[in-house]
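Visitor: Right, I'll just put the structure down here and ask away after.
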Amino acid sequence: MPTFNMIQALNDAHKVMMARDPDVVVFGEDVGYFGGVFRVTEGLQKQFGKTRVFDAPISEGGIVATAVGMATYGLKPVIEIQFADYIYPGYDQIVSEVAKIRYRTAAEWTMPMVIRTPYGGGIFGGQTHSQSPESLFTHIAGLKVVIPSTPYDAKGLLIAAIEDPDPVVFFEPKRIYNGPFDGHHDKPVKPWSKHPASEVPEGHYTVPIGKAAVVREGADLTILAYGTMVHVALAAIEERGLDAEVIDLRTLVPLDLDTIEESVKKTGRCLVVHEAPRTSGFGAELVALVQERCFYHLEAPVERVTGWDTPYPHAYEWAYFPGPKRMKRALEKVMAD
Amino acid sequence: MSNRDPDLRRNAPHLELHVPEPAFRPGDTPDFSALTIPPAGSAPRPDTAVPAAETHPLTTALVRVLGDDNKAVGPWDPRLDPDTLRKILRDMVTVRIFDDRMYRAQRQGKTSFYMKCTGEEAIATATAAALSAEDMHFPTYRQQGLLIARGYPLTDMMCQIYSNKGDKLQGRQLPIMYSDKKHGFFSISGNLATQFPQAVGWAMGAAIKGDSRIAMGWVGDGATAEGDFHSAMTFAAVYNVPVVLATVNNQWAISSFSGIAGAERATFAQRAVGYGIAGLRVDGNDALAVYAAVKWAAERARSNRGPTLIEFFTYRAEGHSTSDDPSGYRPTNEAKAWPLGDPIERLKAHLVAIGEWDDDRHSKMTTECDEQVRAAQKESEKLGILPQQGKDHIETMFDDVYADVPWHLAEQRDQAIAEGRD
């Protein structure tokens, strides 16, 4: 079985689906000849030709809109928005069109498309290459929102997203494209090759959308995380010797609430972790659901570890990022009494 | 407000903000004599294979076929047979009667909203005649003529307007936001201009697949100000997309005249110049000119010569919608003063002038169209009007958000059903 980093796994998912389905087309800024600024689409144009893999103008609104037209025609566009921070010019098309077309046409037209976009900080990208805008999409009826945290899941989820009959916004945690990140930015980066989830099967397989993964079983508390923060959370509990159950949500919408509920009822404590800003972040939804479903099982208030409610500051990146220190304080709080 | 370093700026002129104003406001006497209207037949017709730049003089001209003598003149005369002309005329008359009856239905409280296209009927109906029935439209809310001309049942349109039991969109969409795949009519969006680049995307899909069908995108003068207009033009130009892009310049975007969208500086057709695509400016009240221009652009697109931006110059003779009262921002008699006339009267006069029509036949046809619309209205109202809707089958509200109903929507559906029983 090959060992892939997340970029190679995503690239392979494209190759598998483009070979299987002649209706899959891939476009976005720099994705054609060059293969994308993060190399996710490398080699696709050479293998599948210029009319199926091509560069788009710097026009996120135009990229999404033309993908809508292509999906209306009968194609399955898989588009790349180069950074999640750039997605806003396409937001009207995503919210008002992509998300609504099945509903407003009573399913006469549907929008099977994938909007891939790298998100998150920790790469010294400053305010415009670091954001985590997932909650702007989880709030929109009609969209599915998927965030992988390993190469294995990245390939399986992307294939599932391309095969899904509904539009999927697919956020790629770019801090962990090349290796899992424990939150200690001053330590050397570990490569994916040391991680078991870098073993990626060849060919077609899927990881189901709407299904979370219990990545570590435990009894002390439940940690809900996704993307980069799954690895930061795992490192934090190891450092503190806590027997935590860590759930990688993998899909935010539709959410796998059963897995969450079962775990929190077992542990009685819950910590929600994301890199996005706190106010109205997806964590707020998770906390609300946990208290609705598990209130009488809770032994402590549900805590949140998040980014601050500020823009992502360049030089202060590691004071912004919800790293080991923020994790430590929150774990102490949620485990107290 | 700070005014730093006034010494440095003492001799500088005061900057002025220009806020465009229409020529006439309520109480003024509209006078369009300053408007340049080139005579019919004066615009040259280039071959459809010419480089885009050779069309650019036509972006400031006006393609017109029907002359003051009601004869068809010049190189753009499409030489249509009388049956086709009568079909376009009949479609226009049907649209106008349909609009009048549905406008009245809204006033009678049978629905919430309606939008007429009075004065603009030639644009959609003659376009429908010029394109193949298989070509795909991404319309705005003022191209109901496409559906009518393509034979979409009037009853189905009305059921959508009433959001009733016959509404295929299940009461989810604002009246007139039709959608029909079979008739090549994409779901209308209330977010303006979104459909313009979508049309380009559909045609890119057709080109990727080596299809022979083309797409036509529609936008109003006001919504050309949206970024989506620029996206559409950019993608159409970059990929030489087989698409016809139409801007219906009816000069009014609710209360804002076309100057607020930039019309004081250049025609809308001239926007083609900067993108390097073909452009045509067309008398939108002249059904023959509309037909000829669309036919030209379609032939160009079908032979991989690229996209064309067509500006249909017309006038919105009535309010924006049933929620609008134009007497608050323009003279009430402005529509009557509009010099390009009424598209129905003009085509009728042409058919009469060539000996293919007369007043009796026209009045007989009008009666038939009226009966057809009345019968459709009666039929659709049997299936209900808006005030009676929204009570039964509440559960359908939760369908089609996704292909399957996820747990959170299933929960909310149960709650909504329970509320419905309370």
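Coordinate-derived values only; no laboratory data. As the structure is a prediction and not an experimental result, all values here were calculated from the model. Note that each Cβ is placed from the backbone with ideal geometry, even for glycine, and that neighbours are counted across all protein chains shown.
Visitor: Given R₀ = 51 Å, what would the calculated FRET efficiency be for residue A:189 paired with residue B:414, taking r from the Cβ atoms and rounding to 0.05? Can you show the working numbers first?
Guide: Details: r = 48 Å, r/R0 = 0.95.
Working from the Cβ atoms, E equals 0.60.
Visitor: Charges only on Cβ, +1 for Lys and Arg, -1 for Asp and Glu: so what's the dipole of region B:244-326 about the Cα centre, in debye to the nearest 20?
Guide: Working: 8 positive and 8 negative charges, 111 e Å.
Value, rounded to 20: 540 debye.
Visitor: Nearest 20 debye, what's the magnitude of the dipole of region B:296-422 about its Cα centre given +1 on Lys and Arg Cβ and -1 on Asp and Glu Cβ? It would help to have the intermediate numbers written out before the result.
Guide: Working: 16 positive and 26 negative charges, 131 e Å.
Once rounded to the nearest 20, the dipole reads 620 debye.
Visitor: Checking the cross-link filter: which aspartates and glutamates have an alpha carbon closer than 19 Å to that of residue A:265, excluding same-chain neighbours under 8 positions apart?
Guide: Counting by Cα, and skipping residues close in sequence, residue A:265 has these aspartates and glutamates nearby: A:217, A:220, A:243, A:245, A:248, A:256, A:285, A:292, A:299, A:303, A:337.
Visitor: Moving on. Please compute the contact order of chain B in relative form: average sequence separation of alpha-carbon pairs under 8 Å and at least six residues apart, divided by the residue count, as a percent.
Guide: Working: 794 pairs, mean separation 95.4, N = 422.
The value is 23 percent.
Visitor: In addition: Relative contact order for region A:6-198: what is it in percent, counting Cα pairs under 8 Å that are at least 6 residues apart?
Guide: Working: 378 pairs, mean separation 41.9, N = 193.
Value for region A:6-198: 22 percent.
Visitor: How large is the helix-only mean residue ellipticity at 222 nm for chain B, computed as the sum of -39500 (n - 2.57) over DSSP H runs with n ≥ 4, divided by its residue count, in deg cm²/dmol to the nearest 500?
Guide: Numbers: 13 runs with 156 residues, N = 422.
Helices in chain B give a 222 nm mean residue ellipticity of -11500 deg cm²/dmol.
Visitor: Which residue, A:312, B:170, B:349, has the largest displacement toward the positive end of the dipole of the protein assembly as shown when charges sit on each Cβ (Lys, Arg +1; Asp, Glu -1)?
Guide: Selected residue: B:349.
Visitor: Still on this structure, please answer the following. Arrange the peptides B:34-43, B:299-308 so that the one whose residues have, on average, the most other Cβ atoms within 10 Å appears first.
Guide: Taking the mean over residues of other Cβ atoms within 10 Å, the ranking is B:299-308, B:34-43.
Visitor: Label-point separation (nm) for residue A:128 and residue A:280, each offset 7 Å from Cα along Cα-to-Cβ?
Guide: My value for the distance between the label points is 2.3 nm.
Visitor: Here's another thing I want to ask about it. Once both labels are modelled 7 Å past Cα along the beta-carbon direction, what's the residue B:361-residue A:46 spacing in nm?
Guide: So the two model labels end up 6.8 nm from each other.
Visitor: A follow-up question, please. Determine the shape class of region B:11-104: with a ≥ b ≥ c the square roots of the Cα gyration tensor eigenvalues, call it rounded for a/c under 1.5, and otherwise prolate if a/b is greater than b/c, oblate otherwise. Please report the intermediate quantities before stating the final value.
Guide: Values: a/c = 2.39, a/b = 1.31, b/c = 1.82.
Because a/c hits 1.5 or more and a/b fails to exceed b/c, region B:11-104 counts as oblate.
Visitor: Kindly provide the GluC sites (Glu not before Pro) of region A:152-205 that DSSP labels as loop, not H, G, I, E or B, and whose Cβ sees at most 16 other Cβ atoms within 10 Å. Each step should come with its number before you reach the end.
Guide: On the way: sites: A:163, A:199, A:202; in loops: A:202.
Those satisfying the criteria are A:202.
Visitor: Rounding to the nearest 20 debye, state how big the charge dipole of the protein assembly as shown is about its Cα centre with +1 on each Lys and Arg Cβ and -1 on each Asp and Glu Cβ. Show your work: numbers first, answer last.
Guide: Details: 79 positive and 99 negative charges, 141 e Å.
Approximately 680 debye in magnitude.
Visitor: What residue among A:13, A:65, A:161 has the largest mean-square fluctuation in a Gaussian network model of chain A, using Cα springs under 10 Å?
Guide: Maximum fluctuation in the GNM of chain A, among the listed residues, is at A:65.
Visitor: Shape verdict for chain B, please, from the Cα gyration tensor: rounded (a/c under 1.5), prolate (a/b greater than b/c) or oblate.
Guide: Details: a/c = 1.41, a/b = 1.16, b/c = 1.21.
Rounded, since a/c falls under 1.5.
Visitor: Through the Karplus equation 6.51 cos²θ - 1.76 cosθ + 1.60, θ set to phi - 60°, convert the phi angles of region B:401-414 into ³J(HN,Hα) values in whole Hz; use x for Gly and Pro.
Guide: 5, 10, 4, 10, 8, x, 4, 5, 6, 4, 4, 5, 4, 4
Visitor: Using the Cα centre of the protein assembly as shown as origin and beta-carbon charges of +1 (Lys, Arg) and -1 (Asp, Glu), tell me which of A:123, B:402, A:264 is placed farthest towards the positive end of the dipole.
Guide: Selected residue: A:123.
Visitor: Kindly provide the trypsin sites (Lys or Arg not before Pro) of region B:353-414 that DSSP labels as loop, not H, G, I, E or B, and whose Cβ sees at most 11 other Cβ atoms within 10 Å. Don't skip to the answer; put the middle values down first.
Guide: On the way: sites: B:361, B:364, B:374, B:378, B:382, B:391, B:413; in loops: B:391.
Here the sparse-neighbourhood loop sites are B:391.
Visitor: Provide a whole-number value for the mean count of partner chain Cβ atoms within 10 Å of the Cβ atoms in peptide B:398-409. Could you put the intermediate results ahead of the total?
Guide: Values: counts 2, 4, 11, 8, 13, 7, 4, 1, 6, 6, 5, 2.
Shielding by partners across B:398-409 averages 6.
Visitor: To the nearest Å, what is the center-to-center distance of region B:247-294 and region B:165-215, using C-alpha atoms only?
Guide: With region B:247-294 and region B:165-215 each reduced to a Cα centre, they are spaced 22 Å.
Visitor: Label residue B:303 and residue A:291 with points 7 Å out from Cα along Cα→Cβ: what is the distance between them in nm?
Guide: Distance between the two pseudo-spin positions: 7.0 nm.
Visitor: Which one, A:197, A:105, A:148, projects farthest toward the positive side of the charge dipole computed for region A:6-198 from Cβ point charges (K/R +1, D/E -1)?
Guide: Ranked along the dipole, the leading option is A:197.
Visitor: In whole percent, what relative contact order does chain A give with Cα contacts below 8 Å and a gap of six or more residues?
Guide: Numbers: 762 pairs, mean separation 54.9, N = 337.
Taking the mean separation of contacting Cα pairs over the length of chain A, I get 16 percent.
Visitor: Which links in B:87/B:336; B:116/B:295; B:295/B:364; A:144/A:190; A:15/A:76 stretch past 22 Å when you go from one Cα to the other? Present the calculation step by step, with values, prior to reporting the outcome.
Guide: Details: B:87/B:336 26 Å; B:116/B:295 25 Å; B:295/B:364 30 Å; A:144/A:190 31 Å; A:15/A:76 14 Å.
Those over the limit are B:87/B:336; B:116/B:295; B:295/B:364; A:144/A:190.
Visitor: For a 27 Å ceiling on Cα separation, which of these pairs sit above it: A:187/A:266; A:155/A:333; A:211/A:266?
Guide: On the way: A:187/A:266 35 Å; A:155/A:333 36 Å; A:211/A:266 19 Å.
In this structure, A:187/A:266; A:155/A:333 exceed 27 Å between Cα atoms.
Visitor: Please say if region A:213-335 is rounded, prolate or oblate, where rounded means a/c under 1.5 for a ≥ b ≥ c the square roots of the C-alpha gyration tensor eigenvalues, and otherwise the choice is prolate for a/b larger than b/c and oblate otherwise? The partial results should precede the final answer.
Guide: On the way: a/c = 1.69, a/b = 1.37, b/c = 1.23.
Prolate.
Visitor: Within 10 Å of each Cβ in B:188-195, how many Cβ atoms from other chains are there, averaged over the peptide? Walk me through the intermediate numbers first.
Guide: Details: counts 1, 7, 2, 6, 0, 3, 8, 5.
Partner-chain Cβ atoms within 10 Å, mean over residues of B:188-195: 4.
Visitor: Gap in Å between the Cα centre of region B:303-370 and the Cα centre of region A:148-202?
Guide: 59
Visitor: Another question, then. Calculate the length of the line joining the C-alpha centroid of region A:10-72 to that of region B:75-103, in whole Å.
Guide: Between the Cα centre of region A:10-72 and that of region B:75-103, the gap is 43 Å.
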